[in-house]
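Participant: Here it is, the structure, as C-alpha cells.
The values are calculated or read from the model by the stated rules, or taken from the named source; none is laboratory data. Not measured: the values here are computed from a predicted model. Here Cβ is always computed from backbone atoms with ideal geometry, including for glycine, and neighbour counts include all displayed protein chains. Side chains are part of the model used for accessible areas, which takes the heavy atoms of the whole protein and leaves out ligands, DNA and RNA. Shrake-Rupley method; radii C 1.70, N 1.55, O 1.52, S 1.80 Å.
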Amino acid sequence: AVPRFNDDNYAANLALVDEIKAIAGELDAKPAQIALSWVLARAPFIHVIPGTTRLENLRTNFGATSIVLSPGQVQRLDALAKRVAGQRYTPLGMSAVNL
C-alpha cells in the first residue's frame, strides 16, 4: 500500500540505506541517528519527534542531537533524499498532504 515499498522502489530505496550506514560508520553512529541529525541540520527551527517503544531506542535518538554532520555529509544525505523512489503515500494520501 506504500509506493516506496512497491516493486522496484523497495530495492532502490534499500540501496540508499547502505550509503547512510557508510556515513554512520564515519561518525561512529547508528543509521537512525544520522537520519535524525540530518533532519536537525536542515534549519535551527526544525525539531524531530521520533517514536519508539524501547528505552534503548530513545537513548539512541537522543544521541543524535550530539552528532555534527559536516557540510559534505549533509550534501551527500541531501543527494540521497533526492534519489528516494516512489511517492510517500498513495495518490489519495498525497492529495491530503500540504505540499
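Participant: Looking at region 1-72, which chymotrypsin sites (Phe, Trp or Tyr not before Pro) are DSSP coil and have at most 12 other C-beta atoms within 10 Å of their C-beta?
Facilitator: Those satisfying the criteria are Phe45.
Participant: Taking only Cα atoms, what is the 0 to 90° angle, nearest 10, from helix 31-41's long axis to the longest principal axis of the chain?
Facilitator: With both axes taken from Cα atoms, the answer is about 90 degrees.
Participant: In deg cm²/dmol, rounded to 500, what helix-only [θ] at 222 nm does the chain give when every DSSP H run of at least 4 residues adds -39500 (n - 2.57) and the total is split over its residues?
Facilitator: So the helix-based figure for the chain works out to -17500 deg cm²/dmol.
Participant: Tell me which trypsin sites (Lys or Arg not before Pro) from the chain have a DSSP coil assignment and no more than 13 other beta carbons within 10 Å of their own.
Facilitator: Passing sites in the chain are Arg42, Arg54, Arg83, Arg88.
Participant: Using only the heavy atoms of the protein chains and a 1.4 Å probe, how would Asp8, Asp78, Asp18 rank by accessible area, largest first?
Facilitator: Descending order: Asp8, Asp18, Asp78.
Participant: Okay, next question. What are the extents of the Cα atoms of the chain along their three principal axes, in Å, largest first?
Facilitator: Result for the chain: principal-axis Cα extents of 38, 27, 24 Å.
Participant: With every protein chain left in place, what is the accessible area of Val17 in Å² (1.4 Å probe, nearest 10)?
Facilitator: 50
Participant: Next up: If I take every Cα pair under 8 Å that is 6 or more residues apart in the chain, average their sequence separation and divide by the length, what percent do I get for the relative contact order?
Facilitator: 41
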